[in-house]
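These notes concern the structure reproduced below.
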Amino acid sequence: MRRLYEVADFIRATRRRLRFGELSRAPLRILRVELRGDSAECDWMTRPLDPWDSNLSPPAREESASCQALADAMALRAVLLDELPSIRSAVLRCFRASPTQTPEAIIFGTITREDPPLLRIASPVMRARLCGFQFELENGFLKPMKSDELSTPDERPAE
């Protein structure tokens, strides 16, 4: 039962701490949380664009959504490690709605409890990469990841 309470605390903390984003007032939507021993998996959907951003140009809207997704990835990492003290590593996946109705994976990360040295890193992109997140950024827009990039190193086929 303790694990169930930890997951419930994690969900409540996510709703409380990530209720609003920096660039979007929409709440973060958790799709799945799974605990296995000292590891976890968590999938979530990106926040929709803020209605006030509807007048921005498409590139500016895409850049805003991408910045929000990276900020959410870092914040979710912090909440997960704070609320689930028994977790040593976690796989986090961020999805975005797509016109084809199949959500696109845009951020993938295997994170660990060890904190990378982020004190002097100003770039949010570099901070996310140092924390273990993988993504492809092109002109400020997060591109969909290829399916072979979404597996952990021990799940990839041997070459």
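Laboratory data are not the source of any read-out in this text; all were calculated from the coordinates shown. Because the structure is predicted, anything quoted here is derived from the model rather than measured. All Cβ positions, glycine included, derive from the backbone under ideal geometry; neighbour counts span all protein chains shown.
Observations, loosely collected:
- GNM top mover of Ala71, Ala128, Ala97 - the chain, alpha-carbon springs below 10 Å: Ala97
- A helix-only calculation puts the chain at -10500 deg cm²/dmol for mean residue ellipticity at 222 nm, using -39500 (n - 2.57) for each DSSP H run of at least four residues, averaged over all residues.
- Hull-based mean projected area of region 1-137, where the convex hull spans the alpha carbons, in square nanometres: 8.7
- Lys, Arg +1 and Asp, Glu -1 on Cβ, resulting dipole of the chain about Cα centre, debye, nearest 20: 580
- Label-point gap, in nm, between Arg2 and Ser39 - each point 7 angstrom along Cα→Cβ: 2.2
- Relative contact order of the chain, taken over Cα pairs closer than 8 Å and 6 or more residues apart, is 19 percent.
- Cα long-axis angle, helix 58-83 against the chain (0 to 90 degrees, to the nearest 10): 20
- Between 0 and 90°, nearest 10: helix 2-17 axis offset from the chain longest Cα axis: 20
- Label zone (Glu22, point 7 Å along Cα-to-C-beta; backbone nitrogen cut-off 18 Å) within region 46-61: 46-50, 53, 60-61.
- Each of Glu114 and Met126 was given a label point 7 Å from its Cα along the Cα-to-Cβ line. The distance between the two points is 2.0 nm.
- The modelled label-to-label distance between Arg29 and Ser89, using points 7 Å beyond Cα along the C-beta direction, is 3.1 nm.
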